[in-house]
Amino acid sequence: MIEGIEIQHIILVSSLMFFIGVYGFMTRKNLITMLMAIELMLNAVNINFVAFNKYLHPENMQGHFYSLFIIAIAAAEAAVAIAIIINLYRNLHSIDVEDVNNMKH
Amino acid sequence: MDILSLFVIIPILTVVALLFVKELEKVRVISAVGMFIQLLLSIKLVFDYIAERASGNTSEMVFQKSYQWFESINIQYNVGVDGISVVMILLTGIIIFTGIFASWKVAYLSKEFFISLIVLATGVFGFFISLDLFTMFLFYEVAVLPMYLLIGIWGTGNKEYSAMKLTLMLMGGSAFLLVGLIGIYMNSAPEGQALTYNILEIAKHNIPIEAQRFFFPLTFIGFGVLGALFPFHTWSPDGHASAPTAVSMLHAGVLMKLGGYGALRVAMYLMPEAANEMSWIFIILTGISVIYGALGAVVQTDLKYINAYSSVSHCGLVLFAVLMVNKTSFNGAILQMLSHGLMTAMFFALIGMIYGRAGTRDIKKLGGLMKVMPFLAVMYVIAGMASLGLPGLSGFVAEMTIFVGAFQHSDIFHRVATIIAVSSIVVTAVYILRVVGKILFGPIINEEHKQLTDAVWHEKLPLIVLLIAIAGMGIAPLWISDLIMESLDPIVNKLVMVTQ
Amino acid sequence: MDFTYTIYIVLIPLFAFLVNGLLGHKIKDSISGVFATLALGVSAILSYFTAYNYFFKVGKVDGVYEKITAFNTTWINFTDKLHIDLGVLIDPISVMMLVVITTVSLLVHIYSLGYMKGDEGFTRFYAYLSLFTFSMLGLVVATNIFQMYMFWELVGLSSYLLIGYYYTKPSAVAASKKAFIVTRFADLGFLVGILFLSFTTGTFDFITLNENASILAQAAPLGFMGLSVLTWAVILIFIGGAGKSAMFPLHIWLPDAMEGPTPVSALIHAATMVVAGVYLVARLFPIFSAVDPIALEIVAIVGGVSSLFAAIIACTQIDIKRVLAFSTMSQIGYMMLALGVSGMGEEGTGFMASMFHLFTHAMFKALLFLGAGSIIHAVHSNNLTDMGNLRKYMPITHITFLIACLAIAGVPPFSGFFSKDEILVAAMNHNPIYFWIEWAVAGLTAFYMFRLYFGIFWANDKKHDHAHESPFSMTLPLVILAIAATFAGFVPFNELVTSDGGFLDIHIHWNIALPSIAIGLVGILVAYIFYKKESSLPSKMEKSVGSLYTYAYNKFYIDEVYMFVTKKIIFNKISTPIAWFDRNVIDASMDSIANITNYFSDKIKTIQSGQLQQYITAFIAAVLILVFIFNYLIS
Amino acid sequence: METTIFYIISAIILVFSVLTVTTTKILRAAVYLLFTLVATAAFYFMMEYNFLAAVQLTVYAGGIVVLIIFSILLTHQINLDLKKINSIKKITSGLVSLFGFILIGNIIYTHTFKATSSVIADTSVNEIGRTLLNYGDGGYILPFEVISVLLLAAMIGAIIIAKKK
């Protein structure tokens, strides 16, 4: 609970952050920067969980723990993603998402 | 173990046995033994059935067995037979048994070939014993799918195209059919009662006429595609031309009969009002099939194409008779299915044997085969005579029953349609005699053909079995026709109730 | 009197067929031939026995011969009322036919022992002959019209097999095909006629049909063109009969059918099978006469036209078997005409005459064919131009042939005279036009038969190195038939075979007989002048009639018309387009369903570009739109 | 006071988020991301979820960002100028994002959020630890263990994928 701040404000900030992440994911061509955009989105989601937990169900801890697990999963995801990126770089000498199109029709 | 389930279990056991052997010889023997048991079982079923009827069992279906299979939508494994299915099972037993011998020489992936063939037969047997629409549909699919592999792998000529075409068109048909069957299911019971797939249960209830109008054409076309209904018949020439011998035999001999059988047992029986209303459309289409197939066969030069078009014509007659809605023509339809099944199987077996020897099916390149292979030639002539409806062979009985039955209608439309259908007998004579005259008689065209040999035992055996069946049916049709007739009563009564 | 044994008359040839057909390759030729002949002998004796019993022992009851169903079994049920039975019906015409068929068939069997000797397919030939005899006997004893139709088809089959007996010869194969298809086409009419009949009357049974003919005819509903359905039924049935009996214009198969071995021509295409059409009309005669008179008028007209038409053509043909074929057609035309002009009961002269002529014709025509066979056997040619002066080499053949010629020309006291006279009387009573046509035909008949006779046996002084009299097995049938052809005219048909089984009072009408004898003699005289010695008269004659000769020589181009219709119209204008249509329209439209699907999926697949960001844009946009829809538009 | 801090932190989050997705230098993007993550941690602090904030700082800021920077180094892109993005794409993406934000924003503003209770749960590290490892009611032992397995799998997977052939 932050004094004087409605839950709406926090959620709006997180939503904006989320859509900035979405924007980044859609526009960035470099895989690493796309990964960063994903992290932004995850963060936004985490903020939401925490905010909902704090403002709406302060007697519980679910949101908190969810965020905790999301962070752990994000770490795992980042590790695997980076491994894939490195592997791709080795094979294609590029980490441009537009070059990675082997999975088309 | 009830006798009907054995018809599904024995082929499955045969397939399992086939999985464990490697040598070609053993594969053949196991398939032949398995299907011989199946044939014996079919014959036993006929006698059991007659005995059951003689003992006073008058229920619509006998030897019924039912197991719940999928409770939430009330799908049951529900089997039972009446006279119609009994004779169809006998036909299937004969054809699959002879089909095994006709493919005696298959050497490439023979184990897989025989397995696919027997799986196909399993589907057909299952279809004929099923009383549950869904189970019936399931077996139908089991029967259709192996065709793709059988043609695509062991076929000749443009086989991939043909296999694809055949499978897609039949699948398209079954898509219609599935919608029709589910439609029947959704309307299968009065408001507030449990829905059912059981044919006998549905028959007791009148499906609302609006639903019938919608689902009858779907069901009929669905079965019609398999029965080579114009204009959905074009898979037949290509499919048969590419298919290996035994597959052509089974397909034209039995599988196409699922169409006629289903059209009668499901489409007509369960939706009589719509059948009565809409039959004229399909009568026109089947009438076209009959004449069109026959005329189409006149100018073909490939033996298998000739036979495929001939099948379109003959199977058109089956559907034609089914639409004529009276006991005699229904009887004719069943007889025609039997007759066409037997004689077309014989034809395809013979064509396969001729092709295997001469290396061509082009009638322009064949001639005078009577001199070098008299046995096959005589058999070919007999099959041809059966096809053009010569008395003493099966075709005559079937066609005459259809014609007499169809002509009993009092309105002009049905009778004119019948006369048009009757005129196919002349065209049939033209193309049969053209082929016989061209390939069997006359001088030997190709010098190499002088060295050709006549049939050997594993070729003679299936031909003789088929010949006995054809002649038996042609000479003494009374018992088989009476067997069918009594089973037609429920169907006819229901249809007649509607027309009045 | 129990006639159940008559079933064996029919079954014995079937047995012979099965033995020779199934075990043929294991039996020696001579044994199979003798076996078949003996089997038929038994059949023939049984037939004579039946005839004796029927006509003389049982005799007439209340002045008429009864129709007896000697044997009957249900073969298949169609409906409660309609069923096909197999059985044996004994009545005057069927007994008469039994005698004719077994007699001619037996003689042909004996004859063939010599004629076919050494032929490769000897056993096969006898098997076919037995099959034919079985079918023909089954046809004549039929108790119902459907049984008749069945055996009708079987007869067609055996005719097909026998015409195409020399199957390596393309012309024989073509001829057999033609015969089968033309008759099959006619059978279509027969079958549809049966359907009409069964629908209107509710029965196939001959006895029921004939006894209730007038009731049925009155009850029959009106068809189209002002004729009742029953009238149409009998007209259609008559088409079937006309096809089998080679009536104009369905006759084209008969001359070609001479491709078969000559004994076959004698049996099938002269004495028995080709008269099946006549027999059919006779069998249904009560119905024919009960329905609208137009039906019988058609029968008469077709018969008259055919007899004249065929007689003209016969005058010009070179192939002796073809001459005989056209002569057969002409004589059957006589029989048809006689039926057409006949009535029931007291007015049944025509019916009686027709049956009478059928009987005598069977004898002398079989004799002519067997004689021709004997000649062909000797000179190895069918052509009149290769013959001449044969009387010196083949005395027995010569005499018997002469007897047959006299019989067919209607010279008394040979059999043809009596039967033809009755036909002329009947024609005169009905309509004099028919009489004059047939009178002219009688002259033409005498002319072409003696043209043949003089051309073969006299004409020139040609030397034939190999020609000699045929063996005993061939001459014996000739002699027997010659005796029959001479005396058959004295059989009292007016007592035995009449339209209602009763007695018919007839006597020779000299005012009709004399002109017909006269024209016959004129014909013979002209032939004598033209052909006794080689002379230029025939060619002058040919020139003077000009195009008529050419037309007649080419059989009035009927064959060409048929060829045009079948090849040009049915094959090229109907079947080929249908085959094309099937491949390129129906099939193509099915294929195009697949192709269109393919095309669209090809277009759509570019959406699946592999560009991750496009996917994600679409995904998010879609999710947002769904959110929008579910949040604002629905709820 | 707190209000002001909240707005400042919000501004930092938003500005650096935008910079993260728009800067042309990849390394700078990583650094801006770091700032955003740290600012997020500040939010958690403000909401008195100290443990979560600490985790956010150590795992996210300290772990993931470092990982990202390593990968940048490994793919030799440290000085890389990111390619220009074509404006159509920019506009489409911008519109989609904007539309989404407006949609969500609208929903947020029209919805009334209501707290169910005023009791505040204990968020001390002790309590968190007890809950995480509790297999009784409301315990998180199962997800905890699953996550550990997942991390192990990710580790092994990452090694295998990135390993030279």
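Readers should treat all values here as calculations from the given coordinates under stated rules, not as data from a laboratory. Everything numeric in this text was worked out from a predicted model, so none of it was measured. Using ideal geometry, Cβ is built from the backbone for each residue, glycine included, and neighbour counts are taken over all protein chains shown.
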For peptides C:466-473, C:355-362, sequence by mean Cβ density within 10 Å, most packed first
C:355-362, C:466-473
Mean Cβ neighbour count within 10 Å, used as a protection proxy, ranking C:496-509, C:590-603, C:291-304, D:98-111 highest first:
C:291-304, C:496-509, D:98-111, C:590-603
Based solely on its DSSP helices, what 222 nm [θ] is calculated for chain C when runs of n ≥ 4 H residues each add -39,500 (n - 2.57) and the sum is averaged over all residues, nearest 500 deg cm²/dmol?
-22000 deg cm²/dmol
Can you find, among B:LEU131, B:LEU168, B:ASN158, the residue sitting farthest towards the positive end of the charge dipole of chain B, where Lys and Arg contribute +1 and Asp and Glu -1 at Cβ?
B:ASN158
Counting pairs of alpha carbon atoms under 8 Å apart in space and at least six apart in sequence, what relative contact order in percent does chain A give?
27
Take the Cβ-Cβ distance between C:ASP602 and D:TYR109 as r, set R0 to 41 Å, and report the resulting FRET efficiency rounded to the nearest 0.05.
0.30
How tilted is helix C:122-140 with respect to the longest principal axis of chain C? Cα atoms for both, answer in degrees (0 to 90, nearest 10).
90
For the stretch D:1-82, shape from the Cα gyration tensor axes a ≥ b ≥ c, cut at a/c of 1.5 then a/b versus b/c, turns out oblate
How high is the relative contact order of chain C, in percent, with contacts defined as C-alpha pairs under 8 Å that are six or more residues apart?
12
For the Cα atoms of chain A, what angle does the longest principal axis make with the long axis of helix A:7-27, in degrees from 0 to 90, nearest 10?
0
I want to make sure I understand the PRE zone here: with the label point 7 angstrom from the Cα of D:ASN50 toward its beta carbon, which residues in the stretch D:1-24 have backbone N atoms less than 14 Å away?
none
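For the stretch D:114-165, what is the charge dipole size about the Cα centre, in debye to the nearest 20, if Lys and Arg each add +1 at the Cβ and Asp and Glu each add -1 at the Cβ?
Rounded to the nearest 20 debye, it is 520 debye.
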Kindly write out, for the stretch C:394-404 in residue order, the coupling ³J(HN,Hα) from the Karplus curve 6.51 cos²θ - 1.76 cosθ + 1.60 (θ = phi - 60°), rounded to whole Hz, with x marking Gly and Pro.
10, x, 5, 4, 4, 5, 5, 4, 4, 4, 4
Name the shape class, rounded, prolate or oblate, that the alpha-carbon gyration tensor gives for the stretch A:7-93, where a ≥ b ≥ c are the square roots of its eigenvalues, rounded holds for a/c under 1.5, and otherwise prolate holds if a/b is larger than b/c and oblate otherwise.
oblate
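Evaluate peptide B:160-169: per residue, the Cβ atoms of other protein chains within 10 Å of its Cβ; return the mean as an integer.
1
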Across peptide C:626-634, what mean number of C-beta atoms from other chains lies inside 10 Å of a residue's C-beta?
2
Just to check I understand the Karplus step: with θ = phi - 60° and J = 6.51 cos²θ - 1.76 cosθ + 1.60, what whole-Hz values come out for the stretch C:511-523, glycine and proline as x?
5, 9, 5, 4, x, 6, 5, 4, 5, x, 5, 4, x
Neighbour-count ranking [beta-carbon atoms within 10 angstrom, fewest first] of B:LYS365, C:LYS178, A:LYS104
A:LYS104, B:LYS365, C:LYS178
Contour excess over end-to-end distance, with Cα ends at C:ASP319 and C:LYS532 and 0.36 nm allotted per residue
74.9 nm
Which of D:SER117, B:PHE113, C:GLY202, positive extreme of dipole for the protein assembly as shown (C-beta unit charges):
B:PHE113
Electrostatic dipole magnitude of chain D [Cβ: Lys, Arg +1; Asp, Glu -1; Cα centre; debye, to 20]:
1120
About the Cα centre of the protein assembly as shown, what is the dipole size in debye to 20, counting +1 per Lys and Arg Cβ and -1 per Asp and Glu Cβ, all else neutral?
4100
Within 10 Å of each Cβ in peptide C:182-189, how many partner chain Cβ atoms are there on average? Round it to a whole number, please.
4
Near the amide H of C:ASP319, under 5 Å away, which other amide H atoms are found, from residues 5 or more places off or on another chain, if H is placed in the peptide plane?
C:LEU384
Distance between modelled label sites at C:TYR52 and B:TYR161, nm, 7 Å Cα→Cβ extension
7.4
Rounded, prolate or oblate: which one fits the stretch B:87-135, using the alpha carbon gyration tensor with axes a ≥ b ≥ c (rounded when a/c is under 1.5, else prolate when a/b beats b/c, else oblate)?
oblate
Cα-based equivalent ellipsoid, the protein assembly as shown: semi-axes from gyration tensor eigenvalues, Å
91, 32, 28
Please identify which residues in the stretch C:307-328 have an amide N closer than 17 Å to a label point set 7 Å out from the Cα of C:ASP559, following the Cα→Cβ vector.
C:310-328
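Round to the nearest 0.05 the FRET efficiency obtained for C:ILE45 and C:ASN212 when R0 = 45 Å and r is the Cβ-Cβ distance.
0.80
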Can you compute the FRET efficiency between B:TRP69 and B:ASP2 using 1/(1 + (r/R0)^6), with r the Cβ-Cβ distance and R0 = 22 Å? Round to the nearest 0.05.
0.90
Please work out how much length the chain gains when fully extended from D:LEU142 to D:VAL15, using 0.36 nm per residue of separation minus the C-alpha to C-alpha distance, in nm with one decimal.
41.9 nm
Modelled label reach - C:ASN460, point 7 Å along Cα→Cβ, the stretch C:375-414 residues with backbone N closer than 14 Å:
C:383-390
Positive-end residue of C:ALA300, C:ALA621, C:GLY410, charge dipole of chain C with Cβ unit charges:
C:ALA621
Protection-proxy order for peptides C:378-390, C:89-101, B:34-46, D:152-164, each taking the mean of Cβ atoms within 10 Å per residue, highest first:
C:89-101, B:34-46, C:378-390, D:152-164
Between the stretch B:479-500 and the stretch A:36-67, the alpha-carbon center distance in angstrom
73
For B:ASN198, residues with placed amide H under 5 Å, excluding near neighbours:
B:LEU133
Taking other Cβ within 10 Å of each residue's Cβ, how do B:ILE129, A:ILE82 sort, fewest first?
A:ILE82, B:ILE129
What distance in nm separates the simple spin-label points at B:ALA194 and C:ASN572, each placed 7 Å from Cα in the Cβ direction?
6.9
Can you compute the modelled spin-label distance between D:MET1 and B:VAL29, with each label point 7 Å from Cα toward Cβ, in nm?
10.0
